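For reference, the structure I am asking about is given below.
No value in this document is a laboratory result; all are computed from the given coordinates. A quick note: this is a predicted structure, and the numbers were derived from the prediction, not measured. Using ideal geometry, Cβ is built from the backbone for each residue, glycine included, and neighbour counts are taken over all protein chains shown.
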Amino acid sequence: MTDTTGENDKSRKGDKSDGKDKSDRSDRSDRNEKVALTPTTHTAPPAKFSHGVRKGNILQVAGQVGFLPAVEGLPPTPAGPTLREQTLQTLANVRAILEEGGATWDDVLMIRVYLTDVDHFAEMNALYNEYFDQHLTAVPAARTTVYVGLPAGLLIEIDALAVLDD
């Protein structure tokens, strides 16, 4: 039987043969493109990874440490030897990546904190609470804290997962 209605003409604009309008595909693919995020305050990552990645409305921040903002030609420099200095700089570094991707702390669903010493937990928790009392207006993110080894002199690392409104 021959189709005389033109419903099977796949050359028409907006063909929905797969249930999706082809004219909408390019918009959706642009929104869902994976984009690497490296703020100007950060050095290039030391290996094949991105400081942050956004795809659609999801933004993942890789583990950040307390390095001061990058200075051309100089190696990364820790904010200082204390947990306070490194924690506050680490949070600033995570925030810079969130902002680079169009997010804020209010968009963050999950934070993972990596400490090198169990004895640092209480101090880190106090610093964390103080920081978010000033920088958060929404429900706090979920958080996990684990103990790990980090390169010499580094005491804390933090990563975050954010979901933005469409």
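Taking the highest mean first, how do the peptides 114-122, 98-106 order by number of other beta carbon atoms within 10 angstrom per residue?
Per-residue Cβ counts within 10 Å, averaged per peptide and sorted highest first, yield 98-106, 114-122.
If I model a spin label at THR104 and PHE49 as a point 7 Å from the Cα along the Cα→Cβ vector, what separation in nanometres do I get?
Distance between label points: 2.9 nm.
Taking 22 Å as R0, compute the FRET efficiency from the Cβ-Cβ separation of ASP117 and THR144 and round it to 0.05.
So, using R0 = 22 Å, E works out to roughly 0.85.
Could you pull the Cα extents of the stretch 30-163 along its three principal axes, largest to smallest, in whole Å?
For the stretch 30-163, the Cα spread along each principal axis is 46, 40, 24 Å.
Below 8 Å, C-alpha to C-alpha, sequence gap of six or more: please give me the relative contact order for the stretch 30-163 in percent.
Relative contact order for the stretch 30-163 comes out at 31 percent.
Another question about this same structure. Need one number: nm distance between label points at ASN129 and ASP166, each 7 Å from Cα along Cα→Cβ, rounded to one decimal.
Those two pseudo-labels are separated by 3.9 nm.
Another question, if that's okay. So if each residue of separation counts as 0.36 nm, and I subtract the Cα-Cα distance between THR137 and LEU68, what length gain in nm does that give?
Gain on stretching THR137 to LEU68: 22.2 nm.
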